[in-house]
Amino acid sequence: MNASAEEPVVRLRGLSKTYATGAVAVAALKGISLDIPRHRFSMVVGPSGSGKTTLLNLIGCIDVPTSGTVEVCGEAVGRLGDNALSDFRARNIGFIFQGFSLIPVLSAYENVEYPLLLVGTPAKERHERTLAMLNAVGLDEQEKQRPNELSGGQKQRVAIARALVKHPEIVLADEPTANLDTRTGAQIIELMHRVQAEFATTFIFSTHDPQLISHADETFTIRDGELIGARPPGGAP
Amino acid sequence: MLFKVGLRNILRNRRRSAVTGLAIAVGALALLVFGTFQSFIFAGFQTQVVRGRGHFTVFRDGYFLYGAGNPAAYGIDDYKSVLALIADDPTLKPMLNVVTPTLSLFGIAGNFQGENDAAKTFLGIGVVPSARERMRQWDQFRIASPYLPDLRLADDDETRGLIGVGLARILNLCGPLKIANCPTPPTSTTRKLAAADAPQEDFSALVAGDLDRSPDAVRGMPHIDLLAATAGGAPNVVSLYLAGADPQGVKEFDDNYIGMHLALAQQLLYGRGEHKVTGIVLQLHRSEDMPAARARLAALFKEKGLPLETRDFAELTPNYNQTLTFFRSIFLFITVIIGVIVLFTVVNTMTMAVMERTNEIGTTRAMGVRRSGIRRQFLLEGSMLGVIGASLGVVLAVIVAAIVNRSGLTWTPPGNANSVPLGLYLESPALFIGTWLGLVLVATIAALIPANRAAKLPVVDALRHV
């Protein structure tokens, strides 16, 4: 938004999220406060069930906290209504999912083009940007193929291209290498690193993949819904 | 993109989409086949009625309600001027096909030829034969059997007439008129009827001498004698030579009907007094002109101060509207059933689609698609199923109609004595458009329930769905 480059792209304060499972309340996040800097490779790490995905969902504005505030790109998103949140996501946030989550009836090209349609990019520019992004992820040859005709690595490349094509402030990637073999995972990490540098985007991952964690600029460690560590230490306020 | 995604999702689940589309198509087919059959019935019925009694009949005020009891008292004065007024009116003239006078009367008909002595009350209708023939050629909807001229009555021979088969049977005229399947009544019954209905000797005496005035053209035809009370109350008798027997659709009418030349009817009802008519029949070129013609007639009569009223064929044929209402009720019933079937089929299909694509819904919502965008997507897919199914149904209906219309099937409508062609009337754009739009609308409405459910899914729950 209007925030300067020095300001964190994500600012969380006292963030809690509790799920009600029948009569039992489960606290997924417990009062987390942290700042995530811009244009970095940041990772939320922790064991399964620690609250990584919940945290990413809150940063991605697809879930609402039980308490606390979420500020993304300088915008206090808790004040936004559902439509405004949708528009905000469409403009500012790209998602890469563990299971790729490509739209099966669309080709690789159409999947990548889709986010640009949502923000009303003119047709010519849309075409150019889509092709450029497919080229950036090395899928020029596969642009007409549907997801079921692509390998796991190719699908994740399409997902990366789709997340980046609109030049979002933030790309959120939930366990992006979990469904890939080690070699492909490494290639995907390398690709994300490259496009992150090229497009000056902030990548925020949730992962427990050591291979991926080794590429992190910052890591935020969560356990049982609590932030227990940040590297470098400045990550936490 | 909405259309692209919608269409590809429909094609993605080919079997399910095909079953749903087929259900809609069969629904459309059923509605259109019945609807076109109904249109055919309506058009055929209207053709039959309009050929017989025109679109309108102008009566003297009160005749419609009370005139049947005393037609002579409700005659239209100076009817020739009224005829000219209508026929020459610049507004009505282009709409008119036939304007002709008619006279209804009742009396007693007797057959006293040879050994016969049968008599029976009758309902007579006096017409102008050439006008009646022109009316019989009316075929706005182009569905009637080819026109066959009926030359049994003629303008220049007022002694000829036609009789209902039932009345001919009662009057023991089956043999002379060569009517097939027409049993001769037992003698005792005939005599008893005759004795009850008419003072035979007086009747015969009244007729005596009348036969000598018959023209040579009708010699050799069976004749009957008609007795009626004149407008002045005096008994009057004429002879009628029967050129043939026509079956009438309703037995009561068949047992009473006599058609005759207008001049003979006037002679019987008015004798030497002023000849009047009980009605002036108007047949238009097109039924669509009825409201305009009726309004003009009312204005014309008001302007000239004429005590006349106009009744249309539906008012004069009570079973016309009853038949229409009957068919419309069945059509409505079928429409509701088909609508419910289509509704549930599409709801089921779209619910399955939402379930299968829950993760996709979560993904697109996360990417920034609004709730309304999700709703639109599924509504569009529902309506596309409706469009495909309804369009297929329309094509099938046209094919079925073409087959039926070429098959030469016939049927006998209620109140009709003769069979008529059975067909499906395709020139009903409103029916086709209405059915198509209706089914697309039902499919769209059916998709609304699952579409709303999809739109309301929490994004994180949808993303978690496997």
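When segment A:59-106 is limited to residues that are among the polar types (S, T, N, Q) and in contact (Cβ under 8 Å) with a residue 24 or more places away in the chain, the one that is nearest to the other protein chains (Cβ to nearest Cβ) turns out to be A:SER101. Being of a type in the set (A, V, I, L, M, F, W, C) and touching a helix residue (DSSP H, G or I) at 6+ places or on another chain (Cβ under 6 Å) is the filter; apply it to segment B:84-107 and report the residue that is nearest to B:PRO235 (Cα to Cα). So, considering only residues that are of a type in the set (A, V, I, L, M, F, W, C) and touching a helix residue (DSSP H, G or I) at 6+ places or on another chain (Cβ under 6 Å), the one nearest to B:PRO235 (Cα to Cα) is B:LEU105.
Of the residues making up segment B:209-262, those that are of a type in the set (Val, Ile, Thr), at pLDDT 75 or above and closer than 30 Å to B:GLN48 by Cα are B:ILE224, B:VAL250, B:ILE258. State yes or no: is B:VAL420 closer than 22 Å to B:PHE42 by Cβ and either of a type outside the set (Asp, Glu) or under 27 Å from the mean Cα position of the chain (by Cα) (or both)? For B:VAL420, the condition - closer than 22 Å to B:PHE42 by Cβ and either of a type outside the set (Asp, Glu) or under 27 Å from the mean Cα position of the chain (by Cα) (or both) - is met. The condition (being without any contact (Cβ under 8 Å) to a residue 60 or more places away in the chain and of a type in the set (Asp, Glu)) is satisfied by just one residue among B:GLU381, B:GLU360: B:GLU360. Scanning segment B:384-414 for residues that are without any contact (Cβ under 8 Å) to a residue 60 or more places away in the chain and buried (at least 20 other Cβ atoms within 10 Å of the Cβ) turns up nothing. Which residues, taken from segment B:417-466, are more than 14 Å from every other protein chain (Cβ to nearest Cβ), more than 30 Å from B:LYS251 (Cα to Cα), in contact with a helix residue (DSSP H, G or I) (Cβ under 6 Å, 6 or more places away or on another chain) and part of a loop (DSSP other than H, G, I, E, B)? The answer is B:LEU426, B:SER428. Taken together, A:ARG162, A:ARG157, A:ARG129 contain a single residue that is touching a His at 6+ places or on another chain (Cβ under 9 Å) and crowded, with 17+ Cβ neighbours inside 10 Å, which is A:ARG129.
Against the conditions (1) surrounded by 21 or more Cβ atoms within 10 Å (Cβ to Cβ); (2) over 30 Å from B:LYS302 (Cα atoms); (3) at pLDDT below 90, where does B:GLY114 fall short? Just the number, please. Going through the list (1) surrounded by 21 or more Cβ atoms within 10 Å (Cβ to Cβ); (2) over 30 Å from B:LYS302 (Cα atoms); (3) at pLDDT below 90, B:GLY114 breaks only (1). Of the residues making up segment A:30-58, those that are within 14 Å of chain B (Cβ to nearest Cβ) and within 18 Å of A:PRO8 (Cβ to Cβ) are A:LEU55, A:LEU56, A:LEU58.
Mind checking whether some residue in segment B:318-328 is more than 30 Å from B:THR36 (Cβ to Cβ), away from chain A (no Cβ under 14 Å) and not polar (S, T, N, Q)? Looking through segment B:318-328, none of the residues is more than 30 Å from B:THR36 (Cβ to Cβ), away from chain A (no Cβ under 14 Å) and not polar (S, T, N, Q). Highlighted here are the helices (runs of 4 or more DSSP H) found entirely within segment B:1-82 that include at least 1 residues which are more than 14 Å from chain A (Cβ to nearest Cβ): B:14-53, B:63-66. B:THR100 falls short of the stated requirement of being of a type in the set (S, T, N, Q) and part of a helix (DSSP H, G or I).
Residues in segment A:144-154 that are surrounded by fewer than 19 Cβ atoms within 10 Å (Cβ to Cβ) and either touching a residue at least 40 places away in the same chain (Cβ under 8 Å) or of a type outside the set (Gly, Ala, Ser) (or both): 6 in all. Sort out which residues of segment B:144-182 are surrounded by fewer than 18 Cβ atoms within 10 Å (Cβ to Cβ) and within 28 Å of B:GLU427 (Cα to Cα), and write them in order of number. Result: B:SER145, B:PRO146, B:TYR147, B:LEU148, B:PRO149. Looking at segment A:36-110, the strands (runs of 3 or more DSSP E) lying wholly inside it that each contain 2 or more residues that are crowded, with 22+ Cβ neighbours inside 10 Å and within 14 Å of the chain's Cα centre (by Cα) sit at A:41-45, A:93-96. Scanning segment B:347-359 turns up no residue that is among the basic types (Lys, Arg) and either more than 14 Å from every other protein chain (Cβ to nearest Cβ) or part of a helix (DSSP H, G or I) (or both).
The values are calculated or read from the model by the stated rules, or taken from the named source; none is laboratory data. Model, not experiment: these values are computed from the prediction. Positions of Cβ are generated from backbone atoms using ideal geometry, with glycine treated the same way; all protein chains shown enter the neighbour counts.
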